[in-house]
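Below you'll find the structure, written out as structure tokens, and then a few comments.
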Amino acid sequence: MPTKQWFSRRGKVLFNRKKTLVSRSFSDQYPVLFIKANMPSRGAAVIAAMLVVAIAASLAALVFERQQLAVRSIENRMDASQIRWIERAASDWARLVLRLDARTTTMDHLGEPWAMSIQQTELDPTVYGGARAGTKDAKAVLSGQIQDAQARFNLRNLLQTLDQGQSDRSSQAGQLSALDLQALRKLLAAIGLDASYAEVIAAYALSPGFGRAADLLLVPGIDQTIYERMERYMIVLPQRSAININTASAELLHAYLSGLDLASAQVLVKRREEQAFSDLSALRSRLSMAEELPAARFTVLSRYFFMEGVIGYGRVSSRARILYDRNPQSTSDGEVVSVVWRETL
């Protein structure tokens, strides 16, 4: 008769018929301790798996975010490129307007088509559709205005220039124009600033000299707040220029006309809106005091204009100012309107 044996739950023989120990593992001896000993290792494995999944998800999200940023960066660069093309088209339009104006009039005033302000306008897709790029379904908007550059105080006028045919170049080189310096003092006082700034501005005009109106920020004592008040009345042109009596502000007319106080200048500008001055004699007839109006300092026909505008396309916008020189020299094609400089504002 075979020997009767007892088996554990795992099928191992524990005792034979004679109650003698045959085989017994540690887990069979202490089943509860064995289960508890394996619980920490199983929990650590689950935690490790969760950490791996979390890290993988974080890396995937980071890669996706960087990819989105790269795509947006490319779109923004393409939008900026599209803005440059739109700006070029707007500049060509401004040149055409100024060229046509020169053919149809002998004076420039604020009632002419070139002086009309363009409010924020959405451009027709046909204007930029041929070179569409950047943000999908982006719309182009434009606002701006052509302005008479000779309606502002030209900082270049602070320096004297040689008269035509003068041989002694050293006599006037590096000299200040006393009349224009006095006009600058009156202008600063009229706009509520200290007239003493005129001397430091004149010193900077001598050396190193002004290239743009923004160089006023480099003049000692002029901060951003003061500059913003000056900038509306000043500009730097390639050469000395006369002020246009039909477009100049009341403050500038007061600065250059010795017998005209600021209140009278404001009345004169108000009446000018009804009828522009056809020539210098028309202005002289409206002045209470006899005033010399030399053609070198006063005019009714301007040569320099600038266009200032804002162009938006997609997520990008640009504000710029472009100076034009409408050269009065006639050619076979008529008046020549060229770009002198462009600056981003």
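The values are calculated or read from the model by the stated rules, or taken from the named source; none is laboratory data. What you see is a predicted model, and the numbers here were worked out from it, not measured in a lab. Here the Cβ positions follow ideal geometry from the backbone for every residue, glycine too, while neighbour counts run over all protein chains shown. Areas reflect the complete protein model, heavy atoms only, side chains present, ligands, DNA and RNA absent. Shrake-Rupley method; radii C 1.70, N 1.55, O 1.52, S 1.80 Å.
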Worksheet item: Somewhere in the stretch 257-266, is a residue open to solvent by 70 Å² or more (accessible area, probe 1.4 Å) and either assigned to a helix (DSSP H, G or I) or among the polar types (S, T, N, Q) (or both)?
Response: yes
Worksheet entry | Of residues in the stretch 132-181 being open to solvent by less than 70 Å² (accessible area, probe 1.4 Å) and β-branched (Val, Ile, Thr), the one modelled with the highest pLDDT | ILE146
Item to complete: Say whether the condition of being at pLDDT below 85 and part of a loop (DSSP other than H, G, I, E, B) is met by at least one residue in the stretch 29-49.
Response: yes
Practice prompt. Within the stretch 226-245, track down each residue that is under 23 Å from LEU293 (Cα atoms) and aliphatic (A, V, I, L, M).
Written response: MET234, ILE235, VAL236, LEU237, ALA242, ILE243, ILE245
Fill in: Residue list for the stretch 268-310, filter: of a type in the set (A, V, I, L, M), within 27 Å of ILE322 (Cα to Cα) and part of a loop (DSSP other than H, G, I, E, B)
ALA276, ALA295, ALA296, VAL300, LEU301
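Conditions (1) assigned to a loop (DSSP other than H, G, I, E, B); (2) open to solvent by less than 60 Å² (accessible area, probe 1.4 Å), marked per residue:
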residue: GLU199; (1), (2): no, no
residue: GLY211; (1), (2): yes, yes
residue: ALA214; (1), (2): no, yes
residue: TYR227; (1), (2): no, yes
residue: SER241; (1), (2): yes, yes
residue: THR247; (1), (2): yes, yes
residue: GLU251; (1), (2): no, yes
Discussion item. Given (1) in contact (Cβ under 8 Å) with a residue 60 or more places away in the chain; (2) within 33 Å of the chain's Cα centre (by Cα), identify the lone condition not met by LYS270.
Written reply: (1)
Worksheet item: Give me the pairs: first residue in the stretch 180-202 and more than 14 Å from MET234 (Cα to Cα) and among the hydrophobic types (A, V, I, L, M, F, W, C), second residue open to solvent by 50 Å² or more (accessible area, probe 1.4 Å) and not in a helix (DSSP H, G or I), beta-carbon distance under 8 Å, and six or more apart or on different chains, which are they?
Response: VAL200/PRO220; VAL200/GLY221
Worksheet item: Looking at the stretch 88-124, which of the residues that are modelled with pLDDT under 90 and of a type in the set (Asp, Glu) is most open to solvent (accessible area, probe 1.4 Å)?
Response: GLU122
Practice prompt. For LEU184, state whether it is over 31 Å from the mean Cα position of the chain (by Cα) and either open to solvent by 20 Å² or more (accessible area, probe 1.4 Å) or modelled with pLDDT of 90 or more (or both).
Written response: no
Worksheet item: Would you say ILE74 is more than 30 Å from VAL141 (Cβ to Cβ) and under 44 Å from the mean Cα position of the chain (by Cα)?
Response: no
